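Student: Here it is: the structure, laid out below.
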Amino acid sequence: MNYQTEVLSESKIIQLFSIEEDHFNDFKAKDISGKKFSKAVSAFANASGGDIYIGIREEPETKLKHWEGFNSIEDANPFIQVMESIPTVENYYNIEFLKHPSLDTYVLRICVFKTQSIVRTTDDRVFVRKGAQSLPVNTPEMLRRLELDKGITSYENEPVADSQLSDAVASHIF
C-alpha cells in the first residue's frame, strides 16, 4: 500500500482543528493503545466509515486540540501493524501522513471505509460508531441487527411467523 504525505499549511491545520468528533471523525493521541485503536477501526468499519487522526490530542473538557505528532513516519508503524492484523478490514482503508509545516512532525490519518463484513477488534469484540462514540455490539440481537444493516442477511430470507402458503396465494393485490 502506498502512503501519501501532505504538508499542511497553517490554514489547513486551523481547518483540521475545527473538525468536531462525530459519526465520521475521531481524534486520538499518539499514545493510544492498539486495543483502543482497533476499537475505533471496528466501530467505523461497521458503521458508515470515517477518519481517525492519530497524533492530535483533544482535551475532554474544552475540546481544545493539540498537535502532538510522530517525529517520523516510522514511529506510526504500530498503528499500521494493527490495521494489517485485522483481516476483514484489508483493502477497506487508506493511510495518509499529515506533516506540520513548522514542527516537522506527522499526524497519521486513517480513512476507514464501510465494509461488507463485520470487523472485529484485535481482542475479537465488535463495535459500531454512533455519533461521537464507539458502542459495543455485545448481544446476539445487536449482532443480528448489524448483519441486517450491512446486508449480510436479509429479511427476505426470514420466515414469516403465523402464516400459511394460502395467505400468499389467496391475498388480494392492491
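Student: For the chain, what is the calculated [θ] at 222 nm in deg cm²/dmol (nearest 500), taking -39500 (n - 2.57) for each run of four or more DSSP H residues and dividing by its residue count? Display every interim value, and only then the final one.
Tutor: Values: 5 runs with 45 residues, N = 174.
Calculated mean residue ellipticity at 222 nm is -7500 deg cm²/dmol.
Student: Expressed as a rounded percentage, what relative contact order does the chain have, with Cα pairs under 8 Å and six or more residues apart?
Tutor: Details: 290 pairs, mean separation 46.6, N = 174.
Answer for the chain is 27 percent.
Student: In addition: Give me the percent relative contact order of region 2-59, please, defined on Cα pairs under 8 angstrom at least 6 residues apart. Can you show the working numbers first?
Tutor: Values: 41 pairs, mean separation 24.6, N = 58.
So the answer I get is 42 percent.
Student: Next question. Using a Gaussian network for the chain with springs between C-alpha atoms less than 10 Å apart, which of these wobbles most: A161, A132, A43?
Tutor: It is A161.
Student: So what is the relative contact order of region 76-149, in percent, for Cα pairs below 8 Å that sit 6 or more residues apart?
Tutor: Numbers: 70 pairs, mean separation 16.0, N = 74.
Relative contact order here is 22 percent.
Student: Next question. Using Cα springs under 10 Å in a Gaussian network model of the chain, which residue among P60, P87, P159 shows the largest mean-square fluctuation?
Tutor: Judging by the Gaussian network model, the answer is P159.
Student: If you build a Gaussian network model of the chain, linking Cα atoms that sit under 10 Å apart, which residue out of G151, G34, G50 swings the most?
Tutor: Its mean-square fluctuation being the largest, the pick is G151.
Student: Quick check: Cα centre of region 47-73 to Cα centre of region 131-174, how many Å?
Tutor: 38 Å
Student: Additional query: In terms of Cα to Cα distance under 26 Å, which lysines are near enough to K30, apart from those fewer than 8 places away along the same chain?
Tutor: K12, K39, K63, K65, K99, K114, K130
Any read-out appearing in this document is the output of simple, stated calculations on the displayed coordinates, not a laboratory observation. Only a predicted model underlies this, so the values are computations on that prediction, with no experimental measurement involved.
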